[in-house]
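**Student:** Below you'll find the structure I mean.
The values are calculated or read from the model by the stated rules, or taken from the named source; none is laboratory data. Because the structure is predicted, anything quoted here is derived from the model rather than measured. Every residue, glycine among them, receives a Cβ derived from its backbone with ideal geometry; neighbour counts consider all protein chains shown.
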């Protein structure tokens with residue numbers, strides 16, 4: 001970075017969360033999905049703003065809980081584009097956290113890095129803490145220069161080309177955040193791409209995005225195991241055009257050897273025998289099989305016919321997140337760290353209404369996450385529309401009502417952070433059926 005102004009500078013002044021930046025064009029003109037970058041075109045995706053907010057919150061949680069050690073934290077925004085994610089880490093984390101961070105923005109586009117560093121110079125962190133370094137080059141080469149505690153991979157399309165080196169680059173204890181915008185493959189719409197890239201199949205039903213997250217986690221887990229490491233999911237999100245998983249990675253040969261214990265299959269419209277096998281494997285609670293569930297998990301060792309269209313997998317069948325990490329993502333915490341306060345003579349020209357709109361975006365980015373934390377390990381993710389159709393019991397009962405009824409009956413249940421109305425619960429299937437009937441009676445009454 002030679003300090004000269006990049007072409008089209010100063011562009012358009014923009015704010016995301018509490019962080020100011022300059023963009024070559026108005027963000028409302030940007031697309032929301034993966035796009036090919038043209039030469040000199042610095043791509044900014046406004047649809048990823050919620051992902052960047054959650055990244056700030058998760059990084060702060062991991063620092064507070066000592067998951068990244070007690071010394072300096074080497075963080076890499078490996079495919080940084082505008083560099084806004086790394087700049088938000090430094091600007092929106094509390095000073096005592098930011099001061100420990102040495103963040104590297106990596107990109108193969110010198111124009112993108114030039115824009116990012118010019119923004120950092122003009123709008124440094126409010127508290128003046130932390131270090132931000134540019135790195136021009138291919139992530140797959142630069143990432144191994146030294147151990148990282150935090151690696152973010154947010155590519156155009158599949159993260160697979162970067163996974164191996166990203167996992168290798170992590171320190172003895174570290175966190176990897178991985179986005180995948182090839183959602184058509186991961187959710188089974190592009191079957192050949194899914195099989196070719198991830199070696200899996202996914203049924204294109206209402207749970208396809210949950211299955212896609214689990215296939216991605218299985219891929220990360222197997223990659224980690226090849227390097228004598230294991231993973232613990234911290235947060236898994238389907239949002240808009242992308243899937244994203246955040247995992248803690250630990251060096252452990254023993255746990256790496258046991259990776260297949262966390263892998264298996266999802267079966268749609270399971271038979272009584274398959275449900276019994278799922279119960280015997282501890283993948284769902286004891287239940288009457290007079291009425292069979294819509295889905296069940298089976299262990300990887302269970303023999304399946306992979307050409308059976310009911311089968312999805314291999315996939316991760318463990319929890320999709322860590323309770324403590326998800327509990328920390330409250331709306332209040334999100335506003336505290338990332339919510340902008342209105343200012344007079346705002347340089348962006350925002351009104352009080354604009355600031356309030358941004359604060360609502362920050363709140364939406366964590367909606368239902370902390371409530372779902374207590375059931376993220378539960379075996380059932382139930383779409384209420386599909387449940388009503390499966391049981392033939394009339395109108396769907398709201399996820400809130402179903403969760404409340406099941407909690408009153410002594411089970412864990414909560415509204416799911418999912419792109420369709422759904423709830424998670426550890427209740428036996430027969431209790432879910434009873435709750436749905438009771439909820440329908442109340443609604444009709």
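**Student:** I'm trying to understand the selection: among the residues of the stretch 120-153, which are out of contact with any helix residue (DSSP H, G or I) (no Cβ under 7 Å at 6 or more places or on another chain) and either closer than 19 Å to residue 216 by Cα or at pLDDT 90 or above (or both)?
**Tutor:** 121, 122, 123, 124, 128, 131, 133, 149 - these are the residues of the stretch 120-153 that are out of contact with any helix residue (DSSP H, G or I) (no Cβ under 7 Å at 6 or more places or on another chain) and either closer than 19 Å to residue 216 by Cα or at pLDDT 90 or above (or both).
**Student:** What about residue 440, is it more than 26 Å from residue 298 (Cβ to Cβ) and crowded, with 18+ Cβ neighbours inside 10 Å?
**Tutor:** yes
**Student:** Against the definition (buried (at least 23 other Cβ atoms within 10 Å of the Cβ) and without any contact (Cβ under 8 Å) to a residue 60 or more places away in the chain), how does residue 167 come out, yes or no?
**Tutor:** Against the criterion (buried (at least 23 other Cβ atoms within 10 Å of the Cβ) and without any contact (Cβ under 8 Å) to a residue 60 or more places away in the chain), residue 167 does not qualify.
**Student:** Could you name every one of the strands (runs of 3 or more DSSP E) located completely within the stretch 377-445 that has at least 3 residues being touching a helix residue (DSSP H, G or I) at 6+ places or on another chain (Cβ under 6 Å)?
**Tutor:** 413-415, 422-425
**Student:** Determine if the stretch 229-244 includes at least one residue that is modelled with pLDDT of 95 or more and assigned to a helix (DSSP H, G or I).
**Tutor:** Looking through the stretch 229-244, none of the residues is modelled with pLDDT of 95 or more and assigned to a helix (DSSP H, G or I).
**Student:** Sticking with this one: Quick one: in the stretch 170-196, of everything that is in contact (Cβ under 8 Å) with a residue 24 or more places away in the chain and outside any strand (DSSP E or B), which residue is surrounded by the most Cβ atoms within 10 Å (Cβ to Cβ)?
**Tutor:** So the residue we want is 186.
**Student:** For residue 321, state whether it is under 16 Å from the mean Cα position of the chain (by Cα), buried (at least 19 other Cβ atoms within 10 Å of the Cβ) and touching a residue at least 12 places away in the same chain (Cβ under 8 Å).
**Tutor:** Taking the combined requirement at face value, the residue satisfies it.
**Student:** Taking the stretch 250-295 on its own, how many of its residues are farther than 28 Å from residue 229 by Cα, assigned to a loop (DSSP other than H, G, I, E, B) and in contact with a strand residue (DSSP E or B) (Cβ under 6 Å, 6 or more places away or on another chain)?
**Tutor:** So the answer is 1.
**Student:** Also: Just to be sure before I move on: is residue 241 farther than 19 Å from residue 380 by Cα and either within 19 Å of the chain's Cα centre (by Cα) or crowded, with 18+ Cβ neighbours inside 10 Å (or both) in the structure I sent?
**Tutor:** Criteria met by residue 241.
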